[in-house]
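The values are calculated or read from the model by the stated rules, or taken from the named source; none is laboratory data. Given the structure is predicted, the values throughout are model-derived calculations rather than measurements. Virtual Cβ from ideal backbone geometry, glycine too; neighbours counted across all protein chains shown.
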Amino acid sequence: MGKIAFEKTVREARLLSPLLGFKQAVHPIEFRKDPLTDRWCRINIERAKRVKQAKARGTADLTEIVEESRRKCFFCPENLERTTPKFPSYFPAGRMKVGSACLFPNLFPFGEFHAVGIFSGEHYLSLDQFSPKLIEDCFRVCLDYFKFIYNKRPDIKYCMINWNYLPPAAASIIHPHVQILADHKPTLQVKKLIERSREYHDRTGGNYWSDLVAVERENGVRWIGETGSVAWLASFAPQGNREVLAVSSRKVSTAIRMDESDLKDFCDGLSKILGGYHEIGVGSFNMSVFSGPNDQDLSEYYLLNAKLISRPNFEPLYTGDDGFMEKFHYEPVIEIMPEDLAGKLREHF
Ligand SMILES: [Zn+2]
């Protein structure tokens with residue numbers, strides 16, 4: 001504790017604003033640096049007020065899109081057996097199932113082991129409808145998949161659970177589903193998180209993740225809550241709007257080493273966050289779980305963690321939130337203060 005630096009600097013942009021009869025407007029821009037990765041973001045909450053010309057009048061068409069997509073949906077129960085791929089014969093089953101969840105290969109994979117997990121037969125769910133049990137069934141079948149692959153192929157040791165919810169978050173199918181990958185190599189971000197955590201440990205003797213949880217719990221301003229062994233916080237320097245960080249306080253560095261209670265705690269918290277997102281008007285999001293390699297216990301310096309960010313709402317026309325700053329400069333522009341987000345989501349814990 002006390003070894004984590006929350007570095008920020010505030011600059012002011014001045015302009016004569018037509019919104020103020022051409023009087024001077026002052027916009028404070030907060031530059032914040034992620035304490036682990038050194039990645040910067042810049043926050044100007046005034047930007048949330050800007051006019052988005054693409055915005056359609058009303059969102060009535062959404063029901064139509066949902067209904068139309070339901071009629072031809074590959075993942076709905078009446079079509080699933082006919083229209084989704086099956087695992088090859090060396091798998092225990094063509095499709096893996098736990099409770100209402102069903103897992104099968106991605107029809108258009110970008111990894112050697114790339115599967116899709118659907119939560120249930122429900123074609124559309126709003127964020128307040130993802131119960132802990134619904135999420136747990138799906139994540140359990142994902143872990144079963146990872147364990148099966150790793151058992152057969154010990155070289156495939158990097159596991160990812162990812163969730164794009166609705167088209168603004170890059171989901172091509174509306175029916176709720178996660179995408180999971182078991183890979184031979186880590187992504188650049190996972191590699192960086194692990195390396196930086198190791199450096200932090202070498203430098204301070206501490207574990208960045210448990211230090212972060214301790215210091216944020218004490219600070220309180222970005223603290224959202226706890227579900228058993230999992231802590232939930234708003235990131236100090238978010239890489240997307242409304243970024244929530246989940247950290248396992250138990251000594252576990254890989255997804256496949258989660259035990260029953262870790263899984264329950266995570267799904268319980270995730271359900272609360274989604275309920276909170278729903279209440280503050282978020283309908284679309286991305287989520288990723290950042291898991292260390294299966295063959296090493298890195299928990300001395302790296303703990304299993306996950307992030308969520310909100311995306312534009314699912315409307316016929318909307319303005320994207322992934323522009324030149326995010327795509328090329330890796331310095332995202334954020335519209336919401338993490339401390340305000342934490343205050344709103346805390347009520348759900
Ligand atoms: Zn469907």
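When the criteria are applied in full, residue 309 fails the requirement of being part of a loop (DSSP other than H, G, I, E, B) and touching a residue at least 12 places away in the same chain (Cβ under 8 Å).
Here residue 322 meets each of (1) of a type in the set (D, E, K, R); (2) free of Cβ contacts under 8 Å to residues at least 24 places away in the same chain; (3) assigned to a helix (DSSP H, G or I) with one exception, condition (3).
With respect to residue 87, determine if the residue is touching a Pro at 6+ places or on another chain (Cβ under 9 Å), within 16 Å of the ligand (Cβ to nearest atom), modelled with pLDDT of 95 or more and among the aromatic types (Phe, Trp, Tyr).
Details: touching a Pro at 6+ places or on another chain (Cβ under 9 Å): yes; within 16 Å of the ligand (Cβ to nearest atom): no; modelled with pLDDT of 95 or more: yes; among the aromatic types (Phe, Trp, Tyr): yes.
Judged against the criteria, residue 87 is not a match.
Looking at 103, 62, 134 in this structure, which one is outside any loop (DSSP other than H, G, I, E, B), surrounded by 13 or more Cβ atoms within 10 Å (Cβ to Cβ), within 16 Å of the ligand (Cβ to nearest atom) and at pLDDT below 95? Reasoning before the result, please.
Values: 103 fails: at pLDDT below 95; 134 fails: at pLDDT below 95.
Going through 103, 62, 134 in turn, the sole match is 62.
If you go through segment 269-312 and keep only what is over 26 Å from residue 326 (Cβ atoms) and touching a Gly at 6+ places or on another chain (Cβ under 7 Å), you end up with just 298. For segment 171-193, a residue qualifies if it is surrounded by fewer than 19 Cβ atoms within 10 Å (Cβ to Cβ), of a type outside the set (Gly, Ala, Ser) and out of contact with any strand residue (DSSP E or B) (no Cβ under 8 Å at 6 or more places or on another chain), and the qualifying residues are 173, 188, 191, 192. One residue stands out among those in segment 215-265 that are small (Gly, Ala, Ser) and assigned to a loop (DSSP other than H, G, I, E, B): the one that is surrounded by the fewest Cβ atoms within 10 Å (Cβ to Cβ), which is 220.
On the stretch given as segment 151-168, residues that are assigned to a helix (DSSP H, G or I) and surrounded by 21 or more Cβ atoms within 10 Å (Cβ to Cβ) total 1.
Among what's in segment 284-306 and is of a type in the set (Gly, Ala, Ser) and part of a loop (DSSP other than H, G, I, E, B), pick the residue that is nearest to the chain's Cα centre (by Cα). Steps first, answer last, please.
Initial filter on segment 284-306 (of a type in the set (Gly, Ala, Ser)): 284, 288, 291-292, 299, 306.
From the residues that got through so far, the ones that are part of a loop (DSSP other than H, G, I, E, B) too are 291-292, 299.
On the way: 291: 13, 292: 16, 299: 21 Å.
Going through the qualifying residues, I end up with 291.
The set of residues in segment 157-206 that are touching a His at 6+ places or on another chain (Cβ under 8 Å) and among the β-branched types (Val, Ile, Thr) comprises 174, 180.
When each of 117, 121 is tested for being within 16 Å of the ligand (Cβ to nearest atom), over 19 Å from residue 274 (Cα atoms) and either touching a Leu at 6+ places or on another chain (Cβ under 6 Å) or among the small types (Gly, Ala, Ser) (or both), the lone residue that passes is 121.
Considering every residue within segment 71-78, establish whether at least one is modelled with pLDDT under 95 and surrounded by fewer than 14 Cβ atoms within 10 Å (Cβ to Cβ). Working first, answer last.
To start, the set of residues in segment 71-78 that are modelled with pLDDT under 95 comprises 71-72.
Then drop every residue that is not surrounded by fewer than 14 Cβ atoms within 10 Å (Cβ to Cβ), which leaves 71-72.
Yes, there is a match, as at least one residue in segment 71-78 is modelled with pLDDT under 95 and surrounded by fewer than 14 Cβ atoms within 10 Å (Cβ to Cβ).
Regarding segment 237-248, can at least one residue be identified that is β-branched (Val, Ile, Thr) and under 30 Å from residue 154 (Cα atoms)? Spell out the reasoning first.
So in segment 237-248, the residues β-branched (Val, Ile, Thr) come out as 244, 247.
Now drop any that are not under 30 Å from residue 154 (Cα atoms), which leaves 247.
Yes: one or more hits.
Residue under question is residue 112, and the condition is that it be within 15 Å of the ligand (Cβ to nearest atom) and modelled with pLDDT of 95 or more; does it hold? Answer is no for this residue.
Looking across segment 137-150 at every residue that is in contact with a Leu (Cβ under 8 Å, 6 or more places away or on another chain) and of a type in the set (Phe, Trp, Tyr), the one that is surrounded by the most Cβ atoms within 10 Å (Cβ to Cβ) is identified as 139. Residues of segment 266-301 that are hydrophobic (A, V, I, L, M, F, W, C) and either crowded, with 21+ Cβ neighbours inside 10 Å or in contact with a strand residue (DSSP E or B) (Cβ under 7 Å, 6 or more places away or on another chain) (or both): 266, 267, 270, 273, 274, 282, 285, 287, 289, 290.
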